[in-house]
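A.B. asks: Please read through the structure below; I'll follow up with questions.
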Amino acid sequence: MSQLLEAIDLVKRFPVRSKGRKKLLHAVDGLNFHIDAGETVGLVGESGCGKSTLVRLLTRTLDSTSGHVRFRGQGIGLIAARAMADHPLRREIQMVFQDPTDSLNPRYTARQTIAEAVHLLTDTRGWAAIDSAVEVAAAQVGLPPELLDRYPHQLSGGQKARVGIARAIVVKPRLLVLDEPTAALDVSVQAVILQLLDRLKREMAMSFLFVSHDLNVVRLLCDRVMVMYLGQIVESGPAREVFARPLHPYTRALIASLPGGHGNDADLLVGGDPQSPIDPDAHRCRLFGRCPRGAERCQTQAPPLREISRGRSAACHFVAPTEREVFIDAALTVHKLHLPPARRAALTTEFDRVADMARQVQSVRLPDDTAPAPQFRP
Amino acid sequence: MSSLPTTATAIAAAFAGGEVSAREIAAAALERIAAHNPALNAYTEVTAERALAEADALDAARRRGEAAPALAAVPYGVKNLFDVAGMTTLAGARLLAGNPPAAADATLIQRMHSAGGLLTGALNMDALAYGFTTENTHYGATRNPHDPTRTAGGSSGGSGAAVAAGLVPIALGSDTNGSIRVPASLCGVFGLKPTYGRLPRSGSFPFVHGLDHLGPLAASAADLALAYDALQGPDGRDPACAQRVIEPTTDVLTRGLDGLRVARLAGYFDDQAGAAARAASERAARALGSLGDIVLPEVAAARAAAFVITAAEGGALHLQALRDRPDDFEPLSRERLLAGALMPALWVEQAQKLRAWFRRRTLEVFRDVDLLIAPATPVTATLLGQETMVINGRALPTRPSMGLLTQPISFIGLPVAVAPLWPGGAALPIGVQLIAAPWREDVCLRAAWALQSAGVAAVPPAPTSINAR
Ligand SMILES: Nc1ncnc2c1ncn2[C@@H]1O[C@H](COP(=O)(O)OP(=O)(O)OP(=O)(O)O)[C@@H](O)[C@H]1O
Ligand code: SF4
Ligand SMILES: [Mg+2]
């Protein structure tokens with residue numbers, strides 16, 4: 001699959017004042033990840049870990065402190081948040097907001113809300129053409145046509161959520177970012193909207209980034225999941241594998257704490273206070289203090305996010321990478337090579353390919369006396 | 001102008017017979033290149049002055065009554081990994097663009113020059129010869145003259161395209177895992193990868209010492225033999241060169257296949273071939289009177305071993321630059337080279353052992369057979385940018401898989417000619433490999449000539465020049 005979006009060393013720090021002193025709040029702290037074309041990625045983590053900040057960096061409604069975001073190979077980090085309104089990329093990345101009530105204009109009917117997006121972001125012109133686009137989108141999200149001329153206060157929570165989704169998909173984006181799309185809804189409505197999103201995911205050729213602190217949502221909808229803690233990704237991998245066999249102590253704790261989960265109590269976070277996102281200690285694991293496995297080393301050395309096995313990464317001193325990762329890291333060190341994360345991931349793919357070839361070679365049983373020999377004697 | 005001969009054989013004869021001057025031939029070739037190269041991107045540099053100077057020298061020699069050499073007035077191009085005096089040897093790589101110009105011509109260019117060839121320029125290739133599609137991120141993709149949305153093959157893609165488009169009748173290329181045979185197949189021209197150690201590689205940019213071969217691509221079987229004969233001879237500078245005396249093939253070319261035993265390679269070579277490729281190898285087998293099918297043992301493992309050795313040697317060659325200047329590498333192959341440099345030595349050792357064993361087993365086949373036939377590529381030319389190709393229902397990554405059928409053969413150094421077929425009158429060609437025992441290039445070339453005389457293999461008039469008229 002080809003990469004649609006790539007974040008490279010992405011950082012956002014907010015200047016804050018604490019006890020009268022200027023400090024920096026590390027909301028997003030050096031993220032590296034990618035979203036492939038057609039892929040649905042989940043982003044989970046507790047309140048305040050930086051999910052919405054990351055979303056705002058990706059949708060370019062907030063300027064990053066440093067790092068890059070590439071969309072379809074093109075750097076978009078340099079487009080200032082202010083300039084984004086007029087940029088063609090604005091159509092390609094669409095947002096669905098958490099609270100449908102807040103995000104809808106109370107003086108617009110559903111039809112006007114959806115039509116406005118078509119008018120602002122696409123080349124479709126003429127009342128009839130725009131209206132037919134609106135009706136197609138309404139049908140896609142299961143919004144009955146007779147509701148299109150109602151105002152938000154005349155719609156239920158679930159219907160308003162559908163209007164919010166229709167407004168985003170009507171412009172045919174390549175990436176749809178949903179920040180807690182069901183958090184504001186009644187539990188009964190949540191399920192229906194999740195079903196709708198699941199259907200859209202299968203019907204539309206789009207990539208999705210689902211932001212949620214609800215693991216079940218992510219488990220249901222996502223191909224891949226990224227777990228965030230205090231501004232950093234602590235684990236990522238295929239959703240099914242991560243839920244079946246979480247690697248990082250924080251992911252294990254999240255899963256153990258699910259209601260009705262069959263998690264192990266020993267995995268739950270311990271009582272200590274969470275560390276502050278303000279000027280955090282760079283030489284200490286962010287989870288230390290709450291981590292049931294925390295040890296001496298975790299106070300003096302922050303664990304890097306490393307690939308543990310094919311497609312799975314975690315940042316914890318006690319999650320042992322596979323032999324192949326140990327080997328590649330050692331070989332890189334011996335050769336004094338330092339690779340940025342994207343190249344490191346590409347290297348793993350190529351290394352796997354050579355390893356597959358070597359395995360094919362090894363599968364042939366050769367006579368014991370076989371020795372390498374020069375090509376031909378002339 | 002349209003009355004000028006187009007094959008090397010005809011050009012050399014016309015010049016020798018005094019019907020045409022070398023300058024006229026050179027000027028016409030340069031004109032074709034100027035007209036068609038912008039659409040093809042086959043040339044990375046055109047050496048117009050040199051071609052004209054070489055032509056003038058030939059014309060002067062003829063005026064003095066000197067005999068015309070074998071390739072007199074034949075325009076040709078070279079893959080840009082050959083040293084050309086006064087030019088930087090790029091090997092398709094921006095990495096090398098800052099190097100000083102070469103002081104002297106590569107040995108094979110010196111031989112082409114002595115034989116009367118007119119060097120028209122340097123031809124595009126995959127960076128560092130690592131690739132089968134000539135999709136070069138820094139110097140642009142070379143386009144297939146039969147369909148500009150498709151690859152010309154690689155890594156000698158510029159060589160294949162230049163001959164197929166009729167810009168020159170002969171081009172030199174290199175073949176480590178299939179880099180002459182793949183473009184010959186996808187562009188529909190003849191190609192020869194001689195026995196490992198036959199042609200000297202001195203003055204060319206290496207990739208994998210133990211697998212690198214140089215050789216010609218040409219517009220006809222006779223042109224191929226003519227070029228090959230001019231290129232032969234011992235050399236003191238390439239340690240792998242076998243120092244054999246020249247064994248001319250032009251004289252025996254037309255002898256037909258009398259007395260030669262022919263078989264078709266089945267098994268792996270059918271499994272990894274699409275329908276068109278299988279049809280081509282069956283068609284060639286029928287035309288050459290194949291006695292039946294032969295299955296070689298462990299071909300998939302042999303191909304895998306070639307892959308391992310290539311990555312290891314290529315990676316080792318470029319490790320220092322991978323460390324110092326990673327941004328100047330072709331992104332399509334950079335991490336593959338790096339993975340090669342980092343792999344355990346054990347894997348390479350096992351691959352080398354398998355190579356010795358596979359060579360021994362394959363050479364046994366030549367007790368009963370003189371010529372083996374197999375398709376040259378699994379499919380006809382794929383689209384530029386195409387990531388996957390489907391062979392018999394399996395989706396495979398395009399770029400490495402184009403060499404599936406060539407790799408096992410060059411792995412053990414056997415000589416191979418490629419002849420272009422057009423199954424069912426198709427718009428896109430596909431080549432067959434004509435494989436012989438070590439040092440029997442004559443057999444490969446006789447088979448190529450036989451297929452061409454029977455009308456089974458052909459290089460049709462250049463499609464670009466047709467379009468232009
Ligand atoms: N404009 C701002 N100025 C200062 N700090 C901010 C600003 N915006 C966010 N923060 C801080 O950045 C951190 C991350 O906030 P963010 O809203 O991204 O978290 P979140 O993961 O989306 O949380 P929730 O699940 O509650 O929505 C928090 O500590 C927050 O207080
Ligand atoms: S590094 Fe230490 S504190 Fe951090 S998650 Fe692992 S065990 Fe816990
Ligand atoms: Mg939030």
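Please treat every number below as a calculation from the coordinates, not as lab data. Only a predicted model underlies this, so the values are computations on that prediction, with no experimental measurement involved. A quick note on method: Cβ atoms are made from the backbone with ideal geometry, for glycine too, and the neighbour counts reach across all protein chains shown.
A.B. asks: Can you tell me the Rg and Dmax of region B:37-169, counting just the alpha carbons, in angstroms?
C.D. replies: Here Rg and the maximum Cα pair distance are 15.3, 49 Å.
A.B. asks: Rounded to the nearest 500, what is the protein assembly as shown's calculated 222 nm mean residue ellipticity when only DSSP H runs of at least 4 contribute -39500 (n - 2.57) each, over all residues? Can you show the working numbers first?
C.D. replies: Values: 29 runs with 310 residues, N = 847.
Calculated at 222 nm, the ellipticity per residue is -11000 deg cm²/dmol.
A.B. asks: Once phi is turned into ³J(HN,Hα) by the Karplus curve 6.51 cos²θ - 1.76 cosθ + 1.60 with θ = phi - 60°, what whole-Hz value does each residue of region A:307-314 show in order, with x for glycine and proline?
C.D. replies: Each residue of region A:307-314 in turn: 6, 9, 8, 3, x, 10, 10, 8 Hz.
A.B. asks: Identify which of A:283, A:26, A:213 has the largest mean-square fluctuation in a Gaussian network model of chain A, with springs joining Cα atoms closer than 10 Å.
C.D. replies: Of A:283, A:26, A:213, the most mobile in the Gaussian network model is A:283.
A.B. asks: Using only the Cα atoms of region A:13-154, construct the convex hull and provide its projected area averaged over every direction, in square nanometres to one decimal.
C.D. replies: On the way: hull surface 46.9 nm².
Computing the convex hull of the Cα atoms and averaging its projections yields 11.7 nm².
A.B. asks: Here's another thing I want to ask about it. Averaged over all directions, how much area does the convex hull of the C-alpha atoms of region B:295-441 cover when projected, in nm²?
C.D. replies: Numbers: hull surface 43.5 nm².
One quarter of the hull surface, i.e. the mean projection, equals 10.9 nm².
A.B. asks: Round to the nearest 10 and give me the degree value, 0 to 90, for the angle of helix A:341-362's Cα axis relative to the longest principal axis of chain A.
C.D. replies: 50
A.B. asks: Considering only DSSP beta bridges with both partners in chain B, what is the antiparallel share in %, to the nearest 5? Please list the in-between numbers first.
C.D. replies: Working: 34 of 47 bridges.
If I count the DSSP bridges inside chain B, around 70 percent turn out antiparallel.
A.B. asks: Follow-up. What number, in percent, do you get for the relative contact order of region A:56-157 if the mean sequence gap of Cα pairs under 8 Å and at least 6 apart is divided by its residue count?
C.D. replies: Details: 83 pairs, mean separation 23.8, N = 102.
Contact order relative to length: 23 percent.
A.B. asks: Give me P(r) over region A:262-378, computed from all C-alpha to C-alpha distances, binned every 5 Å, as integer percentages.
C.D. replies: In order of increasing distance, the bins hold 2, 8, 12, 14, 14, 12, 11, 8, 6, 3, 3, 2, 2, 1, 0, 0 percent.
A.B. asks: For a quick check: with amide H placed at 1.01 Å from N, whose amide H comes under 5 Å from residue A:291's, ignoring anything fewer than 5 positions away on the same chain?
C.D. replies: A:270
A.B. asks: Just name one of B:403, A:148, A:376: the one whose Cα is farthest towards the positive end of the charge dipole of the protein assembly as shown (beta-carbon charges, Lys/Arg +1, Asp/Glu -1).
C.D. replies: Of the candidates, A:148 comes out farthest on the positive side.
A.B. asks: A further question on this structure: Which number comes out as Rg/Rh for the protein assembly as shown once both Rg and the Kirkwood Rh are worked out on C-alpha atoms? Can you show the working numbers first?
C.D. replies: Details: Rg = 32.0 Å, Rh = 30.2 Å.
Using only Cα positions, Rg/Rh for the protein assembly as shown is 1.06.
A.B. asks: Taking amide H atoms as placed 1.01 Å from N in the peptide plane, list the residues 5 or more away in sequence, or in a different chain, whose amide H sits under 5 Å from that of residue A:28.
C.D. replies: Amide H neighbours of residue A:28: A:12.
A.B. asks: If you don't mind, another one. Looking at the protein assembly as shown, what % of its DSSP beta bridges pair antiparallel, to the nearest 5?
C.D. replies: Working: 66 of 97 bridges.
So the antiparallel bridges amount to about 70 percent of the total.
A.B. asks: Once you have all Cα-Cα distances for region B:366-457, histogram them in 10 Å bins from zero and send the whole-percent values.
C.D. replies: 16, 42, 31, 11, 0
A.B. asks: Over the residues of region A:132-261, compute the C-alpha Rg and express it relative to 2.2 N^0.38 Å. Write down the numbers at each step before the final one.
C.D. replies: Details: Rg = 16.4 Å, N = 130, 2.2 N^0.38 = 14.0 Å.
Against the compact-globule rule of thumb, the ratio is 1.18.
A.B. asks: Now for a separate question. Put +1 on the Cβ of each Lys and Arg and -1 on the Cβ of each Asp and Glu in region A:3-233; which of A:109, A:215, A:11 then has its Cα farthest toward the positive end of the dipole?
C.D. replies: Checking the options against the dipole of region A:3-233, the answer is A:11.
A.B. asks: Charges at C-beta only: +1 for Lys and Arg, -1 for Asp and Glu. How large is the resulting dipole of chain A about its Cα centre, in Debye rounded to 20? Numbers along the way, then the final one.
C.D. replies: Details: 48 positive and 41 negative charges, 167 e Å.
Charge dipole of chain A: 800 debye, to the nearest 20.
A.B. asks: What is the average number of partner chain Cβ atoms found within 10 Å of a Cβ in B:307-317?
C.D. replies: Mean inter-chain Cβ contacts per residue within 10 Å come to 2.
A.B. asks: Calculate the translational D of region B:319-361 in whole µm² s⁻¹ from Stokes-Einstein, where the hydrodynamic radius comes from the Kirkwood formula applied to all Cα pairs, the temperature is 20 °C and the viscosity 1.002 mPa s. Walk me through the numbers on the way to the answer.
C.D. replies: On the way: Rh = 12.2 Å.
Reported coefficient: 176 µm²/s.
A.B. asks: Given a cut-off of under 8 Å on Cα pairs at least six residues apart, what relative contact order in percent is computed for chain A?
C.D. replies: Details: 640 pairs, mean separation 62.2, N = 378.
Taking the mean separation of contacting Cα pairs over the length of chain A, I get 16 percent.
A.B. asks: Assuming a strict under-25 Å limit between Cα atoms, what lysine pair count do you get for the protein assembly as shown once near-sequence pairs (fewer than 8 apart, same chain) are dropped?
C.D. replies: 13
A.B. asks: Residue A:177's amide H: which non-local residues (gap 5+, or another chain) put their own amide H closer than 5 Å, with H modeled 1.01 Å from N in plane and none for Pro or chain starts?
C.D. replies: Here the answer is A:94, A:95, A:96, A:209, since their amide H atoms fall under 5 Å of that of residue A:177.
A.B. asks: Diagonalise the Cα gyration tensor of region A:320-362 and give the resulting equivalent ellipsoid semi-axes, square root of 5 times each eigenvalue, largest first, whole Å. Display every interim value, and only then the final one.
C.D. replies: On the way: eigenvalues 75, 28, 20 Å².
For region A:320-362, the ellipsoid semi-axes come out as 19, 12, 10 Å.
A.B. asks: Given q = 0.07, 0.08, 0.10, 0.11 Å⁻¹, what are the Debye log10 I(q)/I(0) values for chain A, with equal point scatterers placed on the Cα positions and solvent ignored?
C.D. replies: One equal scatterer on each Cα of chain A leads to -0.38, -0.49, -0.73, -0.86.
A.B. asks: Hey, another quick one. Output wanted: per-residue J couplings in Hz (rounded whole) for region A:52-68, from phi through Karplus 6.51 cos²θ - 1.76 cosθ + 1.60, θ = phi - 60°, x for Gly and Pro.
C.D. replies: 5, 4, 4, 4, 5, 5, 5, 8, 6, 9, 8, 7, 7, 7, 7, x, 10
A.B. asks: May I ask what percent, to the nearest 5, of DSSP beta bridges between residues of chain A are antiparallel? Present the calculation step by step, with values, prior to reporting the outcome.
C.D. replies: Working: 32 of 50 bridges.
In chain A, approximately 65 percent of DSSP beta bridges are antiparallel ones.
A.B. asks: For region A:274-298 and region A:177-232, compute the distance between their C-alpha centroids and round to whole Å.
C.D. replies: Using only Cα atoms to place each centre, the spacing works out to 29 Å.
A.B. asks: While we're on this one: For region B:53-66, in order, what is each residue's ³J(HN,Hα) by Karplus, 6.51 cos²θ - 1.76 cosθ + 1.60 with θ = phi - 60°, in whole Hz (x at glycine and Pro)?
C.D. replies: Here the 3J(HN,Hα) series is 5, 5, 5, 4, 4, 5, 4, 5, 4, 5, 4, 7, x, 6 Hz.
A.B. asks: Measure nothing fancy, just the Cα-based angle from helix A:187-203's long axis to the longest principal axis of chain A, in degrees from 0 to 90, nearest 10.
C.D. replies: 70
A.B. asks: Let me ask you something else. Considering the Cα trace of chain B, what is its radius of gyration and what is Dmax, both in angstroms?
C.D. replies: Computed over the Cα atoms of chain B, radius of gyration and Dmax are 20.4, 64 Å.
A.B. asks: Rounding to the nearest 20 debye, state how big the charge dipole of the protein assembly as shown is about its Cα centre with +1 on each Lys and Arg Cβ and -1 on each Asp and Glu Cβ. Walk me through the numbers on the way to the answer.
C.D. replies: Working: 87 positive and 82 negative charges, 241 e Å.
It works out to roughly 1160 debye.
A.B. asks: Can you tell me the dipole magnitude for region A:150-213 around its Cα centre, using point charges on the Cβ only (Lys, Arg +1; Asp, Glu -1), in Debye to the nearest 20? Before the final figure, lay out the partial values.
C.D. replies: Numbers: 9 positive and 5 negative charges, 66 e Å.
Approximately 320 debye in magnitude.
A.B. asks: Along the charge dipole of the protein assembly as shown, which of A:351, B:299, A:238 sits closest to the positive end, that is, farthest toward it, with unit charges on the beta carbon of Lys, Arg, Asp and Glu (+1, +1, -1, -1)?
C.D. replies: Checking the options against the dipole of the protein assembly as shown, the answer is A:238.
A.B. asks: Between the alpha-carbon centers of region B:35-87 and region A:302-378, tell me the distance in whole angstrom.
C.D. replies: 46
A.B. asks: Between region B:336-359 and region B:408-427, how far is it from one alpha carbon centroid to the other, in angstrom?
C.D. replies: If we compute the Cα centre of each part, the gap is 26 Å.
A.B. asks: Convex hull over the Cα atoms of region B:209-250, averaged projected area in nm²?
C.D. replies: So the Cα hull casts an average projection of 3.3 nm².
A.B. asks: Taking the radius of gyration and the Kirkwood hydrodynamic radius from Cα positions alone, what is the Rg/Rh ratio for region B:110-229, to two decimal places? If you can, show how the numbers build up before the last one.
C.D. replies: Numbers: Rg = 13.1 Å, Rh = 14.0 Å.
My calculation of the ratio gives 0.94.
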